[in-house]
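Notes for the one structure printed next.
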Amino acid sequence: MKTSEKKIKIDVEGMSCSNCAAGIKKHLENKGLKDVNVNFSTGEVSCVEIKNRNKEDVSEIIRKLGYKIKSSSKNNKKGLSKVEKYFYFTLIFTIPLFSHMFFSSDSFIHNPILQFFLCIPVYIVGVIYFGKSAWQSLKTRIPNMDVLIFIGSTSAFIYSIYGWILFKGTTEAHDYLFFETTATIITLVLLGNVLEHRSVKKTTTAINDLSAIQKVIAKRKKNEVIEEIDFENIKVGDILIINTGDKVPTDGVIISGSCFIDESMITGESAYIEKSKNNKVIGGTIIVEGNIIIKATEVGENTLLSHIIELIKNAQNNKPDIQKIGDKVSSIFVPFVLIISILTFLLGHFYFDISITDALLRAIAVLVISCPCAMGLATPTAVMVGIGRAAKNGILIKGGNTLEKLASVKNIVFDKTGTLTTGKFIISDFHIIEGEEKEIKNIIYNIEQHSSHPIAKSLCNTFKQGSSQLILSDINEQKGISISAKIDTDTYTIGSSKIYQSEENYDLFVLKNTKLIATLNITDELKNNTPQIIKLLRKSNYTITLLSGDKKEKCDLVANNLSIKNVYSEQLPQDKINQLEFLNTKDKTAMVGDGINDAPALAKATVGISLGNATQVAIQTADVILLSREDLKQLPKALSLGKQTLVTIKQNLFWAFSYNLIAIPMAISGLLNPMWGALFMAFSDIVVIGNSIRLRYKKIF
């Protein structure tokens with residue numbers, strides 16, 4: 001028996017870069033925890049609870065690394081963050097210290113004692129912020145950028161004290177004073193962190209926007225009394241009253257009334273949807289017109305909106321392959337830079353006869369100009385923005401690697417029924433061979449209730465009126481072929497031509513034991529805008545294939561209407577898998593389907609794409625879920641978003657690598673002093689994050 005796994009979620013304060021996140025992840029995994037995900041952008045740490053390791057234990061492990069655990073009350077706290085306070089505090093001392101460069105040498109600002117006391121508060125902040133973070137990263141054996149900043153600023157500080165003491169009272173002492181370098185490095189890097197944290201928050205706006213939708217006051221009817229409660233206090237089974245203009249507080253089913261609902265914020269559907277008794281409603285959607293009473297069916301983390309938010313938060317659970325390049329380089333970058341810095345000093349002074357002061361400044365410049373964070377942020381920020389934008393357009397993407405796979409797709413394979421067509425079938429011909437029409441309709445209705453196939457649903461809707469409940473046993477469904485059940489002593493089977501050989505073409509045959517008692521022909525219609533969407537995909541150089549379990553005549557008719565040349569009809573689930581395997585050998589393939597019989601093919605494809613009204617199995621198997629029920633207009637958007645996100649990631653990585661490849665040699669050669677190095681480093685991350693944020697506004701569909 002499979003036990004349900006409890007997820008631990010903790011909000012952490014104090015991560016200064018993506019290497020900090022990597023360090024926490026590695027440390028928790030070393031402690032035996034599974035499915036660890038540390039999101040630097042949101043500050044959230046999640047893992048699966050194991051024996052002898054509950055939430056408090058995990059929190060204590062993180063605290064011992066030097067990080068703080070945020071309480072729920074702190075999450076809503078407004079005002080200046082810790083890094084902002086540090087920045088403004090150090091700025092007060094750095095400005096006068098830096099200004100000595102603009103005054104004559106006999107000015108009081110050049111006094112070493114004054115410079116020392118102006119630098120001390122700034123350096124203490126550097127020790128508290130960068131030194132502590134550096135030590136934390138060394139404990140996890142993944143040194144971060146703060147190691148470089150701390151060593152660089154400390155080197156300048158100690159060297160200044162050394163020169164001051166050694167040449168005290170002489171004019172030569174001023175050649176060794178670099179207190180302003182220490183202060184400027186710390187202050188500028190703090191400025192960079194302030195801007196970086198603000199920018200990173202902008203990459204998670206989709207989470208904030210969707211979370212804001214959840215925060216509503218619900219009207220609960222209890223013991224004939226209506227009370228107002230927060231959405232967090234809603235329980236399954238609660239009766240909720242919702243009026244025109246109200247947000248639906250949680251997922252539920254209508255038990256009274258009717259309304260028009262705006263689901264655009266969840267599904268991307270612009271048209272209002274009419275709903276009445278027994279229809280399901282989604283939490284966060286808005287009642288445009290009408291009044292309803294619903295019964296809550298899902299609350300808290302189990303609602304659709306919560307699942308969407310969780311998908312975005314966990315976008316980095318499955319990293320794109322391209323991110324592994326950045327992660328690998330980031331993991332060895334700090335030790336590599338430290339070696340380069342030491343060699344810069346040693347070779348510069350002892351081999352090239354550069355003065356000890358100049359050689360030291362070059363070594364410090366190498367430390368402070370290097371930026372591993374840009375490489376670490378290049379992919380996750382773009383993925384976060386891409387998946388967030390997709391969610392706001394009614395497209396759910398499971399993980400960053402799915403975006404990368406979407407960008408690589410060349411073939412698109414469509415199921416027919418319920419995917420290209422509406423799945424709302426009309427019975428064009430119903431021919432009774434033996435028995436009473438009313439009785440056979442009732443038998444079909446009762447048996448087809450046990451199938452989730454779109455044809456079965458349409459038959460149930462058609463034959464529901466006048467039906468009565470029958471006692472069924474031995475119900476057996478063969479996917480793509482038939483469904484059968486025993487009623488009293490007789491076995492009834494409803495299926496395609498695979499269960500009965502006939503000279504005449506019919507869509508469905510009804511057998512009593514092995515005897516034919518009725519035949520049916522059905523027709524289906526294309527979804528809205530399907531021809532235009534297929535044309536757009538073909539124009540974008542995608543190879544389109546129709547893969548269906550339906551009869552050849554039906555498939556050919558749809559294929560002709562949509563100008564699809566590659567058609568595979570009458571395919572069983574195993575046949576679909578075989579076709580997907582064959583297509584995957586040629587090019588990366590996406591499969592778009594909605595039924596249980598499509599689930600294996602969705603899993604076999606490079607990318608499985610399911611629809612919002614698909615079966616639960618198909619949704620769970622798919623990598624991408626298109627929430628629009630009416631048409632496929634979200635499919636081109638998802639494909640475009642995949643391509644543009646990958647382009648953004650490549651641009652970010654190009655900048656991150658290029659910056660370091662150019663900046664480090666410039667520092668070695670003495671073209672940049674440590675203060676300029678700190679300034680460039682402070683803004684290098686902003687370029688990467690800014691480019692990712694641009695994806696949020698870029699016109700791509």
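Phi angles of region 225-235 translate, via the Karplus equation with coefficients 6.51, -1.76, 1.60 and θ = phi - 60°, into HN-Hα couplings of 10, 9, 10, 9, 9, 5, 4, 5, 9, 6, 10 Hz per residue; Gly and Pro are given as x. Using only the alpha-carbon atoms of region 215-311 as identical scatterers, what base-10 log of I(q)/I(0) does the Debye formula give at q = 0.14 Å⁻¹? Once normalised to I(0) and log-transformed, intensities are -0.44. Computed from backbone phi with θ = phi - 60° and the Karplus coefficients 6.51, -1.76 and 1.60, the 3J(HN,Hα) list for region 35-42 is 6, 7, 10, 10, 9, 4, 4, 9 Hz; x is used for glycine and proline.
Put a plus charge on the Cβ of each Lys and Arg, a minus charge on the Cβ of each Asp and Glu, and nothing anywhere else: the dipole of region 7-75 about its Cα centre is then about 100 debye. Projected onto planes of every orientation and averaged, the convex hull of the alpha-carbon atoms in the chain covers 38.5 nm². About its Cα centre, the chain has a charge dipole of approximately 1060 debye under the convention of +1 per Lys or Arg Cβ and -1 per Asp or Glu Cβ, with nothing else charged. Counting neighbouring beta carbons within 10 Å and listing from fewest to most, the residues Ser137, Ser563 come out as Ser563, Ser137. For the pair Glu504 and Leu346 in one chain, pulling the backbone fully straight at 0.36 nm per residue adds 47.7 nm over the alpha carbon distance. When the chain is described by a simple charge dipole with +1 on each Lys and Arg Cβ and -1 on each Asp and Glu Cβ, the residue from Ile534, Ser105, Phe683 located farthest towards its positive end is Ser105.
Each of Asp685, Asp550, Asp209 was scored by other Cβ atoms within 10 Å of its Cβ. Arranged with the fewest first, they read Asp209, Asp550, Asp685. Looking at region 350-393, the chymotrypsin sites (Phe, Trp or Tyr not before Pro) that sit in a DSSP loop and have at most 10 other Cβ atoms within 10 Å of their own Cβ are Phe352. Helices in the chain that qualify as membrane-span-like (whole DSSP H runs, Cα extent of at least 27 Å along the helix axis, mean Kyte-Doolittle hydropathy of 1.0 or higher) are 145-166, 321-346. Residues in region 274-285 carry Karplus couplings, in order, of 7, 9, 9, 3, 6, 7, 8, 10, 10, x, x, 7 Hz; the curve used is 6.51 cos²θ - 1.76 cosθ + 1.60 with θ = phi - 60°, and Gly or Pro positions show x.
Which GluC sites (Glu not before Pro) does region 427-504 hold that lie in a coil by DSSP with at most 16 other beta carbons within 10 Å? Sparse-neighbourhood loop GluC sites (Glu not before Pro): Glu434, Glu436, Glu503, Glu504. Relative contact order, whole percent, for the chain stands at 13, derived from Cα pairs under 8 Å and 6 or more residues apart.
Going from the residue with the fewest nearby Cβ atoms within 10 Å to the one with the most, Thr545, Thr357, Thr187 rank Thr357, Thr545, Thr187.
Each Lys and Arg Cβ is given +1 and each Asp and Glu Cβ -1; about its Cα centre, region 426-523 then shows a dipole of about 300 debye. The separation of region 79-124 from region 16-36, counted between C-alpha centres, amounts to 36 Å. Compared with the alpha-carbon gap, the fully stretched path from Val127 to Lys7 is longer by 39.7 nm at 0.36 nm per residue. Measuring nothing but alpha carbons in region 426-523 and taking Rh as the Kirkwood radius, the Rg to Rh ratio lands at 0.91.
None of the figures in this text is laboratory data; all of them are computed from the coordinates on show. This one's a predicted model, so the numbers in the text were calculated from it and none came from an experiment. Every residue, glycine among them, receives a Cβ derived from its backbone with ideal geometry; neighbour counts consider all protein chains shown.
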